[in-house]
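For reference, the structure is listed below as structure tokens.
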Amino acid sequence: MAITRERKEELLTEYARILSGTDGFIVTEYRGLTVAKLNDLRDKLRSPAGGSYSITKNTLFRIALERNGWVVPTAMLEGPTAVVFGNGNLPAVAKVVQDWQKTNAELFIVKGGVIGTSVFQGKELDAVANLPTMDEIRAQLAGLIVAPASQLAGLLQAATSQIVNVLQALEDKQNKPDEAAA
């Protein structure tokens with residue numbers, strides 16, 4: 001069934017909105033999945049990973065990718081296609097897809113995806129799923145920033161206590177009665 005020009009523009013606008021908020025996407029084939037299964041996947045992607053899952057019109061999605069400066073995985077955009085969007089946390093979303101695919105492998109095929117300007121194939125999903133999540137990266141960065149500061153604080157505290165010890169020894173020496181005079 002043909003869709004109107006207005007509906008095509010609506011879809012292009014929607015794809016552009018989604019693409020502007022994602023760090024990457026995974027292209028899948030959903031042939032034979034029931035609505036209940038699709039909704040189950042959408043629910044698992046939404047919480048806690050923050051992803052989304054959309055059935056796309058291949059030609060319109062290709063146009064949206066081109067217009068928004070994304071790499072176009074043309075070979076992946078054939079047949080019944082649905083796209084998983086990372087929405088800022090593609091590694092966590094990829095883990096959900098990977099786990100969900102294990103129990104639905106006969107009906108759910110990962111064709112591949114895009115991270116930034118890199119295209120990956122379906123068999124490389126494991127590598128994407130094992131990337132650190134944004135929270136893990138933030139924690140690592142915080143550790144890198146805090147470690148030198150805590151080391152500096154430790155050095156300053158050690159230096160301060162050494163100065164205090166020297167001053168205390170000097171004061172003790174000055175206040176001590178002269179043993180030679182006795």
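Here, each number is a calculation from the coordinates, and none is a lab measurement. Since the structure is predicted, the reported quantities are computational estimates derived from the model, not experimental observations. Every residue, glycine as well, gets a Cβ built from its backbone with ideal geometry; the counts of neighbours run over all protein chains shown.
Quick check on packing: order 48-54, 11-17, 103-109, 84-90 by the mean number of other C-beta atoms within 10 Å, highest mean leading. Show your work: numbers first, answer last.
Details: 48-54: 18.7, 11-17: 15.7, 103-109: 13.3, 84-90: 23.0.
Ranking the peptides 48-54, 11-17, 103-109, 84-90 by packing returns 84-90, 48-54, 11-17, 103-109.
Sorted from longest to shortest, the spans of the Cα atoms of segment 52-104 along the three principal axes equal 32, 25, 16 Å. Gain on full extension, evaluated as 0.36 nm per residue between Leu155 and Glu136 minus their Cα-Cα distance, stands at 4.0 nm. The alpha-carbon atoms of segment 61-182, seen along their principal axes, cover 105, 36, 18 angstrom, with the largest extent given first.
With only alpha-carbon pairs counted, each pair once and no self-pairs, how large is the Kirkwood hydrodynamic radius of segment 5-131 in angstroms?
Values: mean 1/r = 0.0695 Å⁻¹.
It works out to 14.4 Å.
Straight Cα distances below 20 angstrom link Lys95 to the lysines Lys37, Lys44, Lys111, Lys123, with same-chain residues fewer than 8 positions distant left out.
Suppose a student asked you for the relative contact order of segment 41-182, using Cα pairs under 8 Å spaced at least 6 residues apart; what percent would you report? Please list the in-between numbers first.
Numbers: 114 pairs, mean separation 28.6, N = 142.
With pairs under 8 Å counted, the relative contact order is 20 percent.
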